[in-house]
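Notes follow the structure.
Just so it is clear, none of the values below were taken in a lab; they were calculated from the coordinates. What you see is a predicted model, and the numbers here were worked out from it, not measured in a lab. Backbone-built Cβ (ideal geometry, glycine too); neighbour counts: all protein chains shown.
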Amino acid sequence: MTDSTFHTLEAALADDHFPEVDLMLRRGRHIGRDDGTAYDYLVDAQSLLEPFYRRFGCELVQQSDGYFYLLPSGDRLGRRQLSACEMLVGQTLALLYLDPATLQHGGVLPREALLQRLSGLLGTDALVRTLSPRKRKYDERIAAETVRTQVGEALRRLSELGFVDVLDEARLRLRPALMRFAEPVRGLSDPNVALERLVARGEVLLGEQNGDENGADDDATEGEEPAP
Amino acid sequence: MTDAPPSADPNRVIASLARDQVNLDLKTVDLCFLAGLYLRADKAALASFEEDVLIDLFEQVCDVVDPGAENPRKRATHAIQRLREQRMLARVDGAGIVRAGEYALTRLAAAVVEYFLADEALTRESLTLLTGTLRAQLAEVLAAAKKADGEEAWRTKVVGPLRVTVADLVAGIERRQRGLDAQQEEVQAEIAKLLSADWFSAVDRCQSLLDATTSTLRELNEILLRDTHHFVALLQEIQALATATENTDAEATVQRVIEHVDRIAAWGGARQRAWSEYYQYVHRYLRDVVRLDPDRALSQRLRDQLAGWPRRPFHLVTAHAPSIRLLRALEARVERPPVARPRAEREADPEWVDPENVLADIDALVARALDEGKTTLAAVSEQVLPELPETIHYAATGRIAHAVAQAARVRSERERPWAPVGERLEVEDWSVARRDAP
């Protein structure tokens with residue numbers, strides 16, 4: 001507290017960064033070192049903002065990988081669980097983040113690498129069935145197109161949430177927040193136990209996706225096919 | 001040489017290269033052959049090679065590159081021909097078929113081989129040496145520019161050294177910068193390779209590679225910032241003298257060197273920024289990923305988690321406050337009035353106007369002229385046209401001829417004479433007789 005620029009909550013809220021940072025956090029954005037002064041502000045004002053957000057039924061979480069996010073623990077602030085596609089893409093990106101080969105280009109990788117790794121890890125059939133669980137039969141071409149569309153949409157959402165930067169149509173930059181997807185297996189304990197602990201903390205929900213809670217808007221294209 | 005002449009328009013150069021269908025197709029054996037020639041020429045101070053020497057050398061190269069190859073002499077002949085076609089080898093004896101040829105490596109071949117052989121990365125030593133020489137050279141040019149008293153002196157003492165010596169030195173720095181770029185890429189690849197192979201054990205080596213490159217870049221950038229400032233100051237002084245003496249050629253040459261120097265200075269800043277980003281990223285990676293997972297178990301565990309996810313899905317939770325909804329102010333529904341305009345009598349009463357019937361007028365006027373005894377088409381036209389508006393005179397001559405032909409008997413000579421009608425028209429004349437005439 002003594003090192004902080006802000007001595008009172010009023011001073012922290014009066015800072016120019018607060019409105020933008022507050023909106024970003026409430027919209028689920030993970031704010032990391034790559035966000036520059038927004039991150040610096042949060043580090044500076046953390047001890048004042050933590051109790052502030054607790055009053056809204058949320059926890060301002062700081063991870064050792066160097067990012068902040070807001071975790072709703074009550075019903076006062078809307079919350080959303082990531083879709084199946086977002087989870088698959090997020091975990092694959094986390095895996096790529098850990099890969100030393102990605103390091104060579106400073107965490108920048110082509111989109112194709114994501115799709116290749118995703119289909120390589122899960123297999124095309126499992127991937128299609130996971131992303132379109134209601135379909136018993138599928139045409140290979142349409143299915144591939146659907147997967148690409150859903151992955152593109154998932155990337156857009158993950159980018160909004162601060163897990164990845166979409167640099168252009170072909171390239172992505174991975175951000176440390178992706179390590180959230182690896183949380184269940186980060187420790188040496190049994191992953192199931194770790195997962196239960198995360199569920200208890202409200203970080204994770206188990207089971208099929210239920211959509212947004214608290215009536216939040218969601219224009220997800222889950223299960224939809226691209227227009228012909 | 002980067003000091004392109006001002007006339008080297010990029011569009012024209014590209015168009016001419018495309019027109020000539022310039023291309024290079026060098027196989028490994030060709031490159032090895034060229035490198036062998038280059039090194040032998042360098043070692044023995046040879047300016048050219050006899051044909052037999054070329055073939056012998058090719059056979060030696062072939063033994064290394066493709067040991068089992070059949071008929072190496074024939075392959076040598078093809079290789080020499082291929083390299084000549086691609087302007088890598090030039091025949092320099094001019095003896096034609098009288099005797100076996102003598103060949104030399106072209107500038108293009110030397111440049112290609114030098115690229116592969118030379119290890120010209122920028123170092124503190126090479127940069128200091130180059131910048132020192134460049135500064136001395138520029139000071140000399142400036143002194144010469146101050147003394148230059150004519151076009152010839154400017155050309156030989158200022159423009160010449162700027163175009164050749166100074167530009168070569170600047171290009172030398174730039175070439176080494178590109179060498180350092182390549183070295184940086186190698187360092188990045190090396191770090192990735194070290195981590196892939198040794199993971200936690202490679203951390204210290206990666207850190208030292210990062211630190212070494214960082215300090216090299218910082219040192220080089222400092223030298224570049226300091227020295228390029230001096231270069232530009234000297235060059236601007238030379239340029240001012242050139243402007244004062246209205247020597248546009250010298251002025252343009254200095255300007256090109258200044259731009260080149262600016263580019264070199266910009267390189268230092270840009271590379272340091274880019275390296276800084278990379279450094280931070282790798283540093284974080286080493287600290288947060290490698291050091292926290294020394295056994296590299298996390299990747300495998302995450303892979304297993306991902307593979308098993310469809311069977312036991314879980315979903316991360318994030319905050320999701322919807323955007324604030326701005327409700328519109330309440331307002332009563334307004335009936336939009338129908339589109340209308342005041343009633344009015346919009347039909348105007350018809351007015352009496354003079355009739356307009358030029359055709360009837362022409363018929364009547366022609367009949368009157370005939371009655372008055374006109375005997376030629378020209379005479380009839382001469383009488384009728386003034387009665388009509390001038391704008392239709394040209395068109396009316398045709399109508400008059402038609403009316404005359406209808407109302408009278410017309411006759412024409414085989415070669416119909418042209419007769420003037422008024423000041424601006426002529427008609428092919430007919431003689432006209434009334435129909436009731438004998």
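Would you tally the net charge around A:Glu112, using a Cβ to Cβ cut-off of less than 12 Å, leaving A:Glu112 out, and scoring K and R as +1, D and E as -1? Write down the numbers at each step before the final one.
Working: positive: A:Arg111, A:Arg117, A:Arg148, A:Arg171; negative: A:Glu169.
Spelling it out: positives minus negatives among the neighbours equals +3.
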Where labels lie 7 Å past Cα in the beta-carbon direction, separation of A:Arg201 and B:Glu186 in nm
4.5
How big is the Cα convex hull of region B:174-260 in projection, averaged over all directions, in nm²?
6.4
Under 26 Å Cα-Cα from B:Lys43, which lysines qualify once same-chain neighbours fewer than 8 residues away are excluded?
B:Lys27
Value in Å of the Kirkwood radius, where the protein assembly as shown supplies the Cα pairs that are averaged:
35.1
Nearest 10, in degrees from 0 to 90: the angle of helix B:107-117 to the longest Cα principal axis of chain B is 40
For region B:10-117, what is the per residue volume of the convex hull drawn over the alpha-carbon atoms, in cubic angstrom?
126
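Counting pairs of alpha carbon atoms under 8 Å apart in space and at least six apart in sequence, what relative contact order in percent does region B:358-434 give?
Values: 94 pairs, mean separation 28.0, N = 77.
Normalised by residue count, the contact order of region B:358-434 is 36 percent.
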If I fit a long axis through the Cα atoms of helix A:37-54 and take the longest principal axis of the Cα atoms of chain A, what angle between them do I get, 0 to 90°, rounded to 10?
80
Find me the longest stretch of chain B that has none of the exposed GluC sites (Glu not before Pro), where exposed means in a DSSP loop (not H, G, I, E or B) with at most 13 other Cβ atoms within 10 Å.
B:71-245
Alpha-carbon spread of chain A, three principal axes, descending order, Å:
62, 41, 40
Region B:102-225: translational diffusion in µm²/s, Stokes-Einstein, Kirkwood Rh over Cα pairs, 4 °C, 1.567 mPa s
73
Per the Debye formula with a single identical scatterer at each Cα and no solvent contribution, what log10 I(q)/I(0) holds for region A:84-201 at q = 0.10 Å⁻¹?
-0.33
Among all the lysines, which ones have a C-alpha under 30 Å from B:Lys157's C-alpha, if same-chain residues fewer than 8 places away are not counted?
B:Lys146, B:Lys147
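Is the shape of region A:9-72 best called rounded, prolate or oblate, per the rule: a/c under 1.5 gives rounded, else a/b larger than b/c gives prolate, else oblate, with a ≥ b ≥ c the square roots of the Cα gyration tensor eigenvalues? Intermediate results must be reported in sequence, preceding the final value.
Values: a/c = 1.43, a/b = 1.08, b/c = 1.33.
The shape class here is rounded.
Work out, in µm²/s and without decimals, the Stokes-Einstein translational diffusion coefficient of chain B at 4 °C, 1.567 mPa s, Rh from Kirkwood over C-alpha pairs.
39
Report the local net charge at B:Thr376: Lys and Arg +1, Asp and Glu -1, summed over other residues whose C-beta lies under 14 Å from its C-beta.
Values: positive: B:Lys374, B:Arg409, B:Arg411, B:Arg416, B:Arg434; negative: B:Glu372, B:Glu382, B:Glu413, B:Glu426, B:Glu428, B:Asp429.
Spelling it out: positives minus negatives among the neighbours equals -1.
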Mind checking which of B:His78, B:His283, B:His402 has the largest fluctuation in a GNM of chain B, springs on alpha carbons under 10 Å?
B:His402
May I ask for the angle, rounded to the nearest 10°, between helix A:111-122 and the longest principal axis of chain A, with both axes built from Cα atoms and the value confined to 0 to 90°?
70
Loop sites in region B:352-438: trypsin sites (Lys or Arg not before Pro), DSSP, at most 12 other Cβ within 10 Å
B:Arg414, B:Arg424, B:Arg435
Would you tally the net charge around B:Pro389, using a Cβ to Cβ cut-off of less than 15 Å, leaving B:Pro389 out, and scoring K and R as +1, D and E as -1?
-3
Using a 10 Å cut-off on Cβ to Cβ distances, tally the other chain neighbours for every residue of A:102-115 and report the average as a whole number.
4
Per residue, how big is the convex hull of region B:358-434 when only Cα atoms are used? Give it in Å³.
75
Which value in deg cm²/dmol, rounded to the nearest 500, describes the helix-derived mean residue ellipticity at 222 nm for the protein assembly as shown, given -39,500 (n - 2.57) per DSSP H run of n ≥ 4 and division by the residue count?
-18000 deg cm²/dmol
Average beta-carbon neighbours from other chains, 10 Å sphere, peptide A:60-70:
2
Taking the Cα atoms of region B:149-307, what is the range of coordinates along each of the three principal axes, in descending order and whole Å?
80, 27, 20
Using only the C-alpha atoms of region B:234-276, find the volume of their convex hull and express it per residue in Å³.
46
